[in-house]
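Note sheet for the following structure.
The values are calculated or read from the model by the stated rules, or taken from the named source; none is laboratory data. Just so you know, these numbers come straight off a predicted model, no measurement behind them. So basically every Cβ, Gly included, is an ideal-geometry build from the backbone, and we count neighbours across all protein chains shown.
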2 protein chains.
Amino acid sequence: MNEEEVVDPEHPRYQSLMIRKKIAEAGVKGMLADSAMIAHGRGEAFDYLLGEQTIPSALDATREAAARLVKSNKPVLSLNGNAIALAGQEFLTIASQLGCPIEINIFYRTPQRMGALIGHLKMLNQKLDLDVEIMGGIPDARIPGLEGPRGACQQDGIFEADTVLVPLEDGDRCEALMAMGKTVLVIDLNPISRSSRGCTVGIVDEVTRVAKNLIQFIPQKPAATDWNNDRGLQSALDHIVETMSNRF
Amino acid sequence: MNEEEVVDPEHPRYQSLMIRKKIAEAGVKGMLADSAMIAHGRGEAFDYLLGEQTIPSALDATREAAARLVKSNKPVLSLNGNAIALAGQEFLTIASQLGCPIEINIFYRTPQRMGALIGHLKMLNQKLDLDVEIMGGIPDARIPGLEGPRGACQQDGIFEADTVLVPLEDGDRCEALMAMGKTVLVIDLNPISRSSRGCTVGIVDEVTRVAKNLIQFIPQKPAATDWNNDRGLQSALDHIVETMSNRF
């Protein structure tokens, strides 16, 4: 994607373009399925409608997710290609703060892509002088109700976890994890996606912004509340509606 | 993108997935910049909010665009990679109905990509037994105010045209064409993009649906009206707002 190597810092959408650049570079490294670019574009549109910012309800949801992760006995961060490309370094920091593993779980699983993602996280582990366990390379359990490679997971990772953070998750998998009785924390810019609607805490915000906020919240050990997920999502919708009303 | 070769016709978003497949295939053929996938994803998100359908105000805008094209003395269809990938065949039919040329104009111009796009349209010309003139290969004029390859155009094509249909146009170029005094007809799923807001008639609809509707409208020779672009765009926004309000 040489057309975007240089991003003008004065551009009104500089941050968004820099985020896009990370996705493009990860694509070149073989870390992503082709559909990852399309998925990223969908996210961009929703972020544009949110004003490319963390809205108050998203910050509340992020604090709630931090609380659930901190009080969890066996948390896991379940990362796909886009999440690793965009915020691999931040998620390693979070896993280190929590003392939990990262499990890589990708929709279109190939040995090449899996290898590229594991290699990328191991490189970052070293760079940050961390020792976070990276799971997912050799799955030995299955998420009930999911066919094919999507259902593959690791026994002492996602399978036994009580709390799973799933940025950018597909609806079916989110549903299947909920059906296993887990606390499922979703990061998804679309407030009406099945994942956002069907999880324990839905964070309607861009994944790198969320990861950075989690790093701030986790050491504060916030207390969990009776989270009303529908209320948080409606608040995000209301923000978008506000953006769109009486524009002309 | 072999992960999407088979699309289940029973899938609730079958049409959208089939459209996506066309983009992926065009990418493999070298017709698209990497950013085309991201742009497509952005469009998908807005189409999802519209319910993946032609809303009444978009149909009105399409009829108006047909009227403007029919009464034009020198219309041109200005197509980029995504428009050609998604509806090349339909746009050739429209150009043939109007007796006008197609001019290829792409944001990230390389000889390879230009060659692939011209080749694709020529192949379709033959397949449909049409003889539509394909311009853009050897630009000999410039759109005032646009730097770089984006400003390149053909003297007897876009430069001299009084009416230009520009599906999926970038905001700067739309503005520059308007500044030349042309009637600019935009197809863009984002009702608040600069292109949608700054053109003569903005059609907030998916490009293949619009192209098919234009093919129906053009032979009817509809009469042009005093089109209120803002009203059409607000109507699209209202539809999205309706989708988003009181969901929870």
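Odds and ends about this structure:
- The residues in the stretch A:222-236 that are loosely packed, with under 14 Cβ neighbours inside 10 Å and within 12 Å of chain B (Cβ to nearest Cβ) can be counted, and the count is 3.
- Residue within the stretch A:206-221 that is part of a helix (DSSP H, G or I) and within 11 Å of another protein chain (Cβ to nearest Cβ) present: no
- Scope the stretch A:64-108; condition basic (Lys, Arg) and within 14 Å of another protein chain (Cβ to nearest Cβ); matching residues: none
- Positions within the stretch A:106-140 being assigned to a loop (DSSP other than H, G, I, E, B), over 17 Å from the mean Cα position of the chain (by Cα), surrounded by 14 or more Cβ atoms within 10 Å (Cβ to Cβ) and at pLDDT below 95, in sequence order: A:Arg109, A:Thr110, A:Pro139
- Pairs linking a residue in the stretch B:185-206 that is over 19 Å from A:Leu49 (Cβ atoms) to a residue that is aromatic (Phe, Trp, Tyr), with Cβ atoms under 9 Å and 6 or more positions apart or on different chains, are B:Thr200/B:Trp227; B:Val201/B:Trp227.
- Taking the stretch A:13-34 as the range and being of a type outside the set (Val, Ile, Thr), within 11 Å of another protein chain (Cβ to nearest Cβ) and surrounded by fewer than 18 Cβ atoms within 10 Å (Cβ to Cβ) as the test, the residues that pass are A:Ser16, A:Leu17, A:Lys21, A:Glu25.
- Only one entry of B:Ala66, B:Ala45, B:Ala83, B:Ala24 meets the criterion of being among the hydrophobic types (A, V, I, L, M, F, W, C), over 22 Å from B:Asn228 (Cα atoms) and touching a Pro at 6+ places or on another chain (Cβ under 6 Å), and that entry is B:Ala83.
- Qualifying residue in the stretch A:237-248 (condition: away from chain B (no Cβ under 13 Å) and among the aromatic types (Phe, Trp, Tyr)): no
- Picking from residues in the stretch B:36-58 that are more than 22 Å from A:Arg194 (Cα to Cα) and hydrophobic (A, V, I, L, M, F, W, C), the one that is surrounded by the fewest Cβ atoms within 10 Å (Cβ to Cβ) is B:Ile55.
- All told, A:Arg63 falls short of being assigned to a loop (DSSP other than H, G, I, E, B) and under 30 Å from A:Asp131 (Cβ atoms).
- Pairs where the first residue, in the stretch B:102-119, is touching a residue at least 24 places away in the same chain (Cβ under 8 Å) and the second is among the acidic types (Asp, Glu) and outside any loop (DSSP other than H, G, I, E, B), C-beta under 6 Å, 6+ apart: B:Tyr108/A:Glu3
- Complete set of residues in the stretch B:18-56 that are of a type in the set (A, V, I, L, M), part of a helix (DSSP H, G or I) and at pLDDT 85 or above: B:Met18, B:Ile19, B:Ile23, B:Ala26, B:Ala36, B:Met37, B:Ile38, B:Ala39, B:Ala45, B:Leu49, B:Leu50
- Boolean, A:Thr54 is touching a Phe, Trp or Tyr at 6+ places or on another chain (Cβ under 8 Å), polar (S, T, N, Q) and under 23 Å from A:Leu185 (Cβ atoms): no
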